[in-house]
1. Under the 0.36 nm per residue contour assumption, what length would be gained going from the current alpha-carbon distance of VAL94 and LYS195 to full extension?
2. Enumerate the calculated ³J(HN,Hα) couplings along region 33-38 in order (Karplus 6.51 cos²θ - 1.76 cosθ + 1.60, θ = phi - 60°), each rounded to whole Hz, writing x wherever the residue is Gly or Pro.
3. Got a sec to turn the phi values of region 164-172 into Karplus ³J(HN,Hα) couplings, 6.51 cos²θ - 1.76 cosθ + 1.60 with θ = phi - 60°, whole Hz, x for Gly and Pro?
4. Between the helical axis of 46-55 and the dominant principal axis of the chain, each derived from Cα atoms, what acute angle in degrees is found, rounded to the nearest 10?
5. Quick check for me: using +1 on Lys/Arg Cβ and -1 on Asp/Glu Cβ, what's the dipole size of the chain about its Cα centre, in debye to the nearest 20?
6. For LYS195, list the aspartates and glutamates whose Cα falls under 12 Å from its own Cα; do not include residues on the same chain fewer than 8 positions away.
7. Calculate, for GLU85 and ARG249, the FRET efficiency according to 1/(1 + (r/R0)^6) with r their C-beta to C-beta distance and R0 25 Å; round to the nearest 0.05.
8. Which part of region 201-218 falls in the paramagnetic zone of GLU231, meaning amide N under 15 Å from the point 7 Å along Cα-to-beta-carbon?
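What follows is calculated from the coordinates using simple rules that are stated; it is not laboratory data. Not measured: the values here are computed from a predicted model. Counting neighbours? That spans all protein chains shown, and the Cβs are built from the backbone with ideal geometry, glycine included.
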Amino acid sequence: MPKTKIRIAFRASQTPAAQTALAELTARYDQSDLAEASVIVALGGDGFMLQTLHETQSAGLPVYGMNCGTVGFLMNAFEVEGLTERLPLAEETVINPLHMRATTAQGRVVEALAINEVSILRAGPQAAKLAIHVDGKLRLAELVCDGALLCTPAGSTAYNYSAHGPILPIGADVLALTAVAAFRPRRWRGALLPKTAVVRVDVLDPVKRPVMADADSRSVDDVVSVEIRSEPSICHRILFDPGHGLEERLLSEQFA
């Protein structure tokens, strides 16, 4: 991107730090409308980055995050100076989200996209009982647990990693299916699935053991069945400073 053609659409979370950064950056680099911009700069933490990717998906623009939050795994370091010099040098990573189709006990169907993971979690005091199908074949007849999640490589260092799931290389065409506090089978730690796999989780005994589903913080209560698949038709473009791309961050996390 030639320097003279960089038109930036800034987006910022509502935190004081992000709002201060927004004022400083727009004063220096101006604010472009999304329809006229060549790049989006998101100011906040990882949660706001995910929100920005979802909200600007139809624009098809690359998104460059600057960390004004607390985590920032998907973000670059914040600096006011040199932004128009950093953007042309940034490395682009393309990721596909997951598509969730959740059916509730009342028959309502809710569809949502998740860049990190889709989680199925107990919503009451008792453990959930789940049956797991992969590509139409029953693979686990009963998983007694606090929940289970399916994550993308980009999301493998988030909730998945906290649940002791594997970190996936960003270029790997696989998804990680991870149990959350599995009670039975006690030693089941999940599975690696091809990116093309379609996973269906059925809730056993949903009245006594209610379950919720969550796709990047969009929650659905009282689910009885959740189908999850990768959505290759949607591509999110994320920019990172050279040497600090998502592939490098995933590797570094494993040797921390």
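1. Numbers: separation 101, 0.36 × 101 = 36.36 nm, distance 1.46 nm.
Stretched out fully, the VAL94 to LYS195 stretch lengthens by 34.9 nm.
2. Running phi through 6.51 cos²θ - 1.76 cosθ + 1.60 with θ = phi - 60° gives 5, 4, 5, 9, 7, 10 Hz.
3. The phi angles translate into 6, x, x, 7, 9, x, 4, x, 6 Hz.
4. The two axes meet at around 90 degrees.
5. 940
6. ASP135, ASP173, GLU231
7. 0.70
8. The answer is 214-218, whose backbone nitrogens lie closer than 15 Å to the label point.
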